[in-house]
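Notes for the one structure printed next.
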Amino acid sequence: MTTETHKSFKRRLEGIVVSDKGTQTIVVNVARRFKDKRYSKFVTKTKKYHAHDAESKAQVGDLVQIIESRPYSKLKKWELVQIKQVKAVD
């Protein structure tokens, strides 16, 4: 993980790790809620982001925070900042 010395203008997102099978890569599912213009209902949309996890600490089910970074590969343009909540063991 990196330190908190990142610039403040980079976007920060929170989401749940859905995959950690890649080497130093996690897939984070980020959900956002908004009100539909036509029907005035609240809609939840999700999007998956590939993020760089240098130490491979995050596991499936963890709540993590990611930040925009330089492109590591074609899909990986985010970086793990911190693990907010570790998945509870059943």
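Hey, among the residues in the range 63-90 that are without any contact (Cβ under 8 Å) to a residue 40 or more places away in the chain and outside any loop (DSSP other than H, G, I, E, B), which one's farthest from GLU14 (Cα to Cα)?
Among those that are without any contact (Cβ under 8 Å) to a residue 40 or more places away in the chain and outside any loop (DSSP other than H, G, I, E, B), it is LYS77.
What number goes with the only condition from (1) modelled with pLDDT under 95; (2) surrounded by 14 or more Cβ atoms within 10 Å (Cβ to Cβ) that ILE26 does not pass?
(1)
Please go through the range 28-66 and give me each residue that is within 13 Å of VAL18 (Cβ to Cβ) and among the hydroxyl-bearing types (Ser, Thr, Tyr), ordered by number.
THR46, TYR49
Which one is nearest to PHE9 (Cα to Cα), of the residues in the range 35-62 that are crowded, with 16+ Cβ neighbours inside 10 Å and of a type in the set (A, V, I, L, M, F, W, C)?
Among residues in the range 35-62 that are crowded, with 16+ Cβ neighbours inside 10 Å and of a type in the set (A, V, I, L, M, F, W, C), the one nearest to PHE9 (Cα to Cα) is ALA51.
List pairs: first residue in the range 39-58 and outside any loop (DSSP other than H, G, I, E, B), second residue hydroxyl-bearing (Ser, Thr, Tyr) anywhere in the structure, Cβ distance under 8 angstrom, at least six positions apart or on different chains.
That search, which allows pairs on different chains as well, returns HIS50/THR25; HIS50/SER73; ALA51/THR25; HIS52/THR25; HIS52/SER69; HIS52/TYR72.
What single numbered condition from (1) modelled with pLDDT under 95; (2) in a strand (DSSP E or B) fails to hold for LEU13?
Result: LEU13 passes all but (1).
Restricting to the range 42-58, name every residue that is in contact with an Asp or Glu (Cβ under 9 Å, 6 or more places away or on another chain) and closer than 17 Å to LYS76 by Cα.
Passing the criteria: ALA51, HIS52, ASP53, ALA54, SER56, ALA58.
The values are calculated or read from the model by the stated rules, or taken from the named source; none is laboratory data. The shown structure was predicted, so the numbers you read here are calculated from the model rather than taken from an experiment. With ideal geometry, Cβ positions are generated from the backbone for all residues, glycine too; neighbour counts draw on all protein chains shown.
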